[in-house]
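Here's the structure we're looking at; comments come further down.
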Amino acid sequence: MPYTTTHVLIAIILIELFREYFFKDNKKFPRYYILIAAIAGIMPDLEYIFMLPNFHRGFFHSLFMPLILLVIGFFILKFDIKNNWIRKRHMKLSFIFFIFAAGSLLHIFLDVIIRDGSSLLYPFSDFVLGFNLISYIPLSQDLTLIIIDTLLLFFWIIWMEFKLKIYDYF
């Protein structure tokens, strides 16, 4: 599987690009969503982080996890469920669940494309779909993953400096 840094950086970069090109106003799309996307990007690995027995590459890495989060988000949206703490920060509870759904789906997608794959229909099927594209690169897999993380981090830093004018924050 890709390193945790890869999952976090891809989620952060994609949500920042989404924010930049679809929303311009911080009140409509506050930066808290970027932090939530970073957490969502590693959410399927919570089973591994908390050492849950027989769970790694199981339910959290199946398509049912993002589907459940998406359904919860639509339920919250339909019934207009609100949370005052979240509203004070100009966020919407439903959108947080949509971000978690997207982040977990992105995590699964990266696992399928880059390395070992995932059991997409677990618990109904143990079939693991994985393209292991990293195996086609003539470097060691660990070195390749480090290079991917480094390039993503440099992209993120350059984006922050030139597009978001990070020097304005200091």
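The values are calculated or read from the model by the stated rules, or taken from the named source; none is laboratory data. Predicted, not measured: the structure shown is a model, and the values here were computed from it. Cβ sites come from the backbone with ideal geometry, for glycine too, and all protein chains shown count toward neighbours.
Below is a table of values for the structure above.
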| item | result |
| --- | --- |
| Residues that are closer than 23 Å to Leu133 by Cβ and assigned to a helix (DSSP H, G or I), drawn from segment 1-39 | Thr4, Thr5, Thr6, His7, Val8, Leu9, Ile10, Ala11, Ile12, Ile13, Leu14, Leu17 |
| Failed item in (1) of a type in the set (Val, Ile, Thr); (2) under 14 Å from Pro44 (Cβ atoms); (3) in contact with a Leu (Cβ under 7 Å, 6 or more places away or on another chain), with Ile113 passing the rest | (2) |
| Number of positions in segment 72-124 that are without any contact (Cβ under 8 Å) to a residue 12 or more places away in the chain and either of a type outside the set (D, E, K, R) or touching a Cys at 6+ places or on another chain (Cβ under 9 Å) (or both) | 8 |
| Every residue from segment 44-63 that is buried (at least 17 other Cβ atoms within 10 Å of the Cβ) and at pLDDT 90 or above | Ser62 |
| Pairs, first under 19 Å from His7 (Cβ atoms) in segment 143-165, second at pLDDT 90 or above and not hydrophobic (A, V, I, L, M, F, W, C), C-beta under 8 Å, six or more apart | Leu145/Thr6; Ile148/Thr6; Asp149/Thr5; Asp149/Thr6; Leu152/Thr5; Leu152/Thr6; Leu153/Thr5 |
| Of residues in segment 64-96 being aromatic (Phe, Trp, Tyr) and surrounded by 15 or more Cβ atoms within 10 Å (Cβ to Cβ), the one nearest to Asp126 (Cα to Cα) | Phe64 |
| Some residue of segment 90-110 being among the hydroxyl-bearing types (Ser, Thr, Tyr), over 15 Å from Pro44 (Cα atoms) and in contact with a Lys or Arg (Cβ under 9 Å, 6 or more places away or on another chain) | yes |
| Selected residue (criterion: modelled with the lowest pLDDT) from residues of segment 1-42 that are within 17 Å of Thr150 (Cα to Cα) and of a type in the set (S, T, N, Q) | Thr4 |
